[in-house]
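Q: There's a structure below that I have some questions on.
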Amino acid sequence: MKVAVLAGGVGGARLSHGLYRIHPRDLTVIVNTGDDFQLHGLSISPDLDTVLYTLAEWADSVQGWGLSGDTRRCAEQLARLGGETWFQLGDLDLATHLYRTQRLGQGATLTKVTEELARSAGLQLRLLPMCDAPVPTKLRLASGWVDFQDYFVRRQHADPVLECRYQGADQTPPGPEVVKALTEAERIVLAPSNPFLSLQPIFSLQGFAELWAGCRARKVAVSPMIGEAAVKGPLASLLASLGQPVNSLGVARLLKDWIDVLILDEGDAHLIPEIEKCGVRTVCTLTLMKTDSDRERLARVALDV
Ligand code: GDP
Ligand code: CA
């Protein structure tokens, strides 16, 4: 079965890793690049790197992002020099950004560079950015519009978000390999990624709705909400400030036009009648992925639905 996954960072990486462990062949992971930005002249793609490191089993298992055993010597020295330190890059992590920046500078596409990184990491699957041109996510806070990393890292996602914009998405088509993978897929899985910050940027790409309508695969999403909380990150506060129920019903309302089935946590079974009223079928199971076997089990549910 040909499987395509839409993923953001940590939630996307965890489920993709489970899928990769049980279904390594014919797997394509399509990753949000709305968080991408430039720092110190380097091109940084946080979600692609989280997915890459997780699939390669290089990730720091405690924080869920970054490389295990990484150090901060460069960041410390940069602080001594009075450089910008609000976004700390690990020493090992820097190698990825150096590689990517150099290859992009030579004219390679982000798709090509990502393929090279995945190959060097020994991965068998196809890892794809959602598109090749920058489509930066912008967020409107009470104080005005800010860049994604300004909200997420510098302000530690503490401010209520009033509006999200995916700048340039309507003029940027998904990459040709993304189109091919989705068109050929026999199952499309939407990882438990933040709908506003990881999935909407992908849906907003030029021509994406038409592409999606033409995909014959069943579309199965895993909810990133467990009860009234996100496993990590600002999703609960985004649902609240953007006027949705703060639970998997809110996720279902956001995704209803994009999915056939929503996998939700066992403890949220009481939401099923309201979710099914949105025209989305449901499957209940444990959705917290703590261990590799949790990831594999949830991946299997997503394939078996
Ligand atoms: P980010 O780019 O790192 O913010 O990552 P994503 O958008 O992929 O994922 C963020 C979402 O992943 C959060 O809303 C979390 O609730 C969700 N998430 C992370 N780990 C898990 C998990 O083990 N189970 C479920 N169901 N959701 C998870
Ligand atoms: Ca992200």
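Q: Pick from the stretch 197-243 the residues that are basic (K, R) and in a loop (DSSP other than H, G, I, E, B): which of them is surrounded by the most Cβ atoms within 10 Å (Cβ to Cβ)?
A: Checked the stretch 197-243; the qualifying residue surrounded by the most Cβ atoms within 10 Å (Cβ to Cβ) is K232.
Q: Touching a strand residue (DSSP E or B) at 6+ places or on another chain (Cβ under 8 Å), within 16 Å of ligand 1 (Cβ to nearest atom) and among the hydrophobic types (A, V, I, L, M, F, W, C): does that describe L55?
A: For L55, the condition - touching a strand residue (DSSP E or B) at 6+ places or on another chain (Cβ under 8 Å), within 16 Å of ligand 1 (Cβ to nearest atom) and among the hydrophobic types (A, V, I, L, M, F, W, C) - is met.
Q: Are there any pairs with C-beta distances below 8 angstrom linking a residue in the stretch 216-234 that is on the phi > 0 side of the Ramachandran plot and modelled with pLDDT of 95 or more to a residue that is more than 16 Å from ligand 2 (Cβ to nearest atom) and charged (D, E, K, R), with the two at least 6 apart or on different chains, and if so which?
A: Between residues of the stretch 216-234 that are on the phi > 0 side of the Ramachandran plot and modelled with pLDDT of 95 or more and residues that are more than 16 Å from ligand 2 (Cβ to nearest atom) and charged (D, E, K, R), the close pairs are G227/D265; G227/D268.
Q: Got a number for residues in the stretch 270-305 being in a loop (DSSP other than H, G, I, E, B), under 16 Å from I259 (Cβ atoms) and in contact with a helix residue (DSSP H, G or I) (Cβ under 8 Å, 6 or more places away or on another chain)?
A: Of the residues in the stretch 270-305, 3 are in a loop (DSSP other than H, G, I, E, B), under 16 Å from I259 (Cβ atoms) and in contact with a helix residue (DSSP H, G or I) (Cβ under 8 Å, 6 or more places away or on another chain).
Q: Any idea which of (1) crowded, with 19+ Cβ neighbours inside 10 Å; (2) under 21 Å from C164 (Cβ atoms); (3) more than 11 Å from ligand 1 (Cβ to nearest atom) is the one A4 doesn't satisfy?
A: Condition not satisfied by A4: (2).
Q: Something else about it: Please verify whether L123 is within 16 Å of ligand 1 (Cβ to nearest atom) and either within 26 Å of M289 (Cβ to Cβ) or hydrophobic (A, V, I, L, M, F, W, C) (or both), treating the condition exactly as stated.
A: The answer is no for L123.
Q: Count, please, the residues in the stretch 182-215 that happen to be of a type in the set (V, I, T) and free of Cβ contacts under 8 Å to residues at least 60 places away in the same chain.
A: 1
Okay, residues lined up against (1) polar (S, T, N, Q); (2) in contact (Cβ under 8 Å) with a residue 24 or more places away in the chain; (3) in contact with a Leu (Cβ under 8 Å, 6 or more places away or on another chain); (4) closer than 25 Å to V29 by Cβ:
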| position | (1), (2), (3), (4) |
| --- | --- |
| E84 | no, yes, yes, no |
| L89 | no, yes, yes, yes |
| T111 | yes, yes, yes, yes |
| E115 | no, no, yes, yes |
| G122 | no, yes, no, yes |
| L141 | no, no, yes, no |
| V153 | no, yes, no, yes |
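Q: While we're looking at this one, here's another question. Give me the residue from the stretch 152-166 that is part of a strand (DSSP E or B) and within 15 Å of ligand 2 (Cβ to nearest atom) and, out of that set, farthest from I202 (Cα to Cα).
A: C164
Q: Going by what's in this entry, would G83 be described as surrounded by fewer than 21 Cβ atoms within 10 Å (Cβ to Cβ) and over 12 Å from the mean Cα position of the chain (by Cα)?
A: Considered against the rule, which asks whether it is surrounded by fewer than 21 Cβ atoms within 10 Å (Cβ to Cβ) and over 12 Å from the mean Cα position of the chain (by Cα), G83 comes out as yes.
Q: Looking at the structure I just gave you, is C131 crowded, with 17+ Cβ neighbours inside 10 Å, out of contact with any strand residue (DSSP E or B) (no Cβ under 7 Å at 6 or more places or on another chain) and not in a helix (DSSP H, G or I)?
A: Yes, satisfied.
The values are calculated or read from the model by the stated rules, or taken from the named source; none is laboratory data. All figures in this text were calculated on a predicted structure; none of them were measured in a lab. When we count neighbours, we look across all protein chains shown, and the Cβ atoms used for this are built from the backbone with ideal geometry, even at glycine.
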